[in-house]
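Here's the structure we're looking at; comments come further down.
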Amino acid sequence: MPHIDVLLEACKKKEVAAARPRLCALLLMYKHLPRVGVVYLRTTAYRTLVQKWLEDMPGLTGEDKRVIMQKLMKAIGEAVAELKKKVGGVAPTATLRRAVLRLLLEELRKPG
Amino acid sequence: MTPLNPARFKDLERFLSGWERREAPPPPGVYVAVASYHSKLVEDYCVRYHLIYLVAVYDRDGTCQDLYQCCSSQPRSDGRCFIFGDVEWREELAEKCRVETYLYRFRDIRDALKTLLEFGMHVKGIPCTEFNIDVLRATGWCDVDPICCDVSAVKEKIVEEATSTYRQPQTQPMPSGTSDASEEADDGCAELARRAAEALGIDVSRLRRCLCRT
């Protein structure tokens with residue numbers, strides 16, 4: 001998705017990450033999917049990624065980090081469950097990219 | 001793009017009725033969507049399915065007798081033949097894959113592009129952002145679904161809404177006897193109120209006042 005970085009930048013604001021965790025979670029997932037190969041869909045695979053993401057976010061207190069981490073991981077868990085239904089537990093990365101992209105577009109079309 | 005999910009036969013049949021079918025690779029032309037290539041995936045796909053290419057030939061005055069030949073003889077920059085395919089065609093694929101090319105004549109360039117867009121999105125299920133931005137613009141799709149082309153307006157809206165939602169509870173006056181210290185002490189209740197407010201879509205601070213006051 002060509003605009004992914006613009007949206008990810010918005011998710012660096014704690015207000016956005018807290019208010020739109022599903023959008024930010026999907027963006028993170030999409031951004032960090034490998035280019036080729038096969039992906040095993042597991043929520044825990046994204047934990048370290050989210051932790052690093054939060055470390056880079058400016059002006060977060062410990063409590064902010066805890067709350068946003070919880071929200072993002074919950075959103076990732078839900079997205080993983082939906083994707084498993086659509087593409088199975090193990091999917092070629094290209095199939096998964098497309099499925100995540102569809103969820104992402106649906107999320108962007110939703111009113112806040 | 002990489003072939004991932006073959007289209008349903010019924011959808012293909014319905015969509016391609018009237019198109020000229022050739023058992024040949026696509027002629028030279030402009031691909032309307034991202035056409036990346038992963039040889040392993042293509043090989044796996046070709047074991048089970050044919051590669052399918054749709055070629056929309058723009059022939060305004062109807063001078064083209066043989067559509068395939070017209071595309072083959074025109075230079076690429078001519079912008080006459082537009083292709084939607086499972087994967088960008090390469091010579092090496094001829095040994096591994098069976099290929100079908102469908103051609104159709106269009107008097108209007110916009111109709112040609114629109115038809116390929118429709119096939120990609122509705123029959124093959126390709127997200128709109130994978131299409132060439134110029135194709136999206138030319139077909140007017142950017143006006144139909146702006147997210148496909150530019151998310152800056154959406155981004156601004158998201159940031160604005162999130163910021164105002166975040167500030168709202170903080171700007172409301174605290175009731176007497178309630179302080180940050182008491183909130184911290186009663187963290188469980190505050191958290192419960194927050195979750196309930198989220199689920200019900202109501203004001204968290206008001207709910208907290210009702211639930212958490214001792």
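The values are calculated or read from the model by the stated rules, or taken from the named source; none is laboratory data. Source: prediction; values computed, not measured. Positions of Cβ are backbone-derived with ideal geometry, glycine not excepted, and every protein chain shown enters the neighbour counts. Each accessible area value is taken on the protein alone, full model and side chains, heavy atoms only, with ligands, DNA and RNA left out. Shrake-Rupley method; radii C 1.70, N 1.55, O 1.52, S 1.80 Å.
Numbers below:
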item	result
Magnitude of the charge dipole, the range B:9-127, Cβ model with Lys/Arg +1 and Asp/Glu -1, debye to 20	220 debye
Listed residues B:T101, B:G18, B:Y49: farthest to the positive end of the dipole of the range B:9-127 (Cβ charges)	B:G18
Alpha carbon centroid spacing (whole Å) that separates the range A:1-36 from the range B:83-119	33 Å
At most 12 other Cβ within 10 Å, DSSP loop - chymotrypsin sites (Phe, Trp or Tyr not before Pro), the range A:1-80	none
Protection proxy ranking, peptides B:18-25, B:154-161, average beta carbon neighbours within 10 Å, highest first	B:154-161, B:18-25
At R0 = 22 Å, FRET efficiency that the Cβ-Cβ distance of B:A94 and B:S73 yields, to 0.05	0.60
Chain pair B, A: total accessible area buried, heavy atoms, 1.4 Å probe, Å²	2500 Å²
Spin-label pair B:R137/B:S39, simplified geometry with 7 Å Cα→Cβ offset, distance in nm	3.6 nm
Pairwise label distance in nanometres, A:E78 with A:T48, each label 7 Å out on the Cα-Cβ vector	2.7 nm
For B:H38, solvent-accessible area (1.4 Å; no DNA, RNA or ligand), Å²	50 Å²
Per residue accessible area in Å² of the range B:9-127, where ligands, DNA and RNA are left out and the probe is 1.4 Å	52 Å²
Phi to ³J(HN,Hα) by Karplus 6.51 cos²θ - 1.76 cosθ + 1.60 over the range B:97-113, Hz, x for Gly, Pro	10, 8, 10, 10, 10, 10, 10, 8, 8, 10, 7, 10, 5, 5, 4, 4, 5
Carbon/sulfur fraction of accessible area - the range B:9-127, other protein chains in place, 1.4 Å, %	46 percent
Listing of the range A:66-110 residues, each with accessible area lower by at least 30 Å² in the full protein assembly than in the chain alone (probe 1.4 Å)	A:Q70, A:K71, A:A94, A:T95, A:R98, A:L101, A:R102, A:L105, A:L108, A:R109
Probe 1.4 Å, all protein chains present, accessible-area order of A:R66, B:R167, largest first	B:R167, A:R66
Cβ-derived FRET efficiency at R0 45 Å, A:V36 paired with A:T61, nearest 0.05	0.70
Stretch gain in nm, segment B:V47-B:R105, where the contour uses 0.36 nm per residue and the Cα spacing is subtracted	17.8 nm
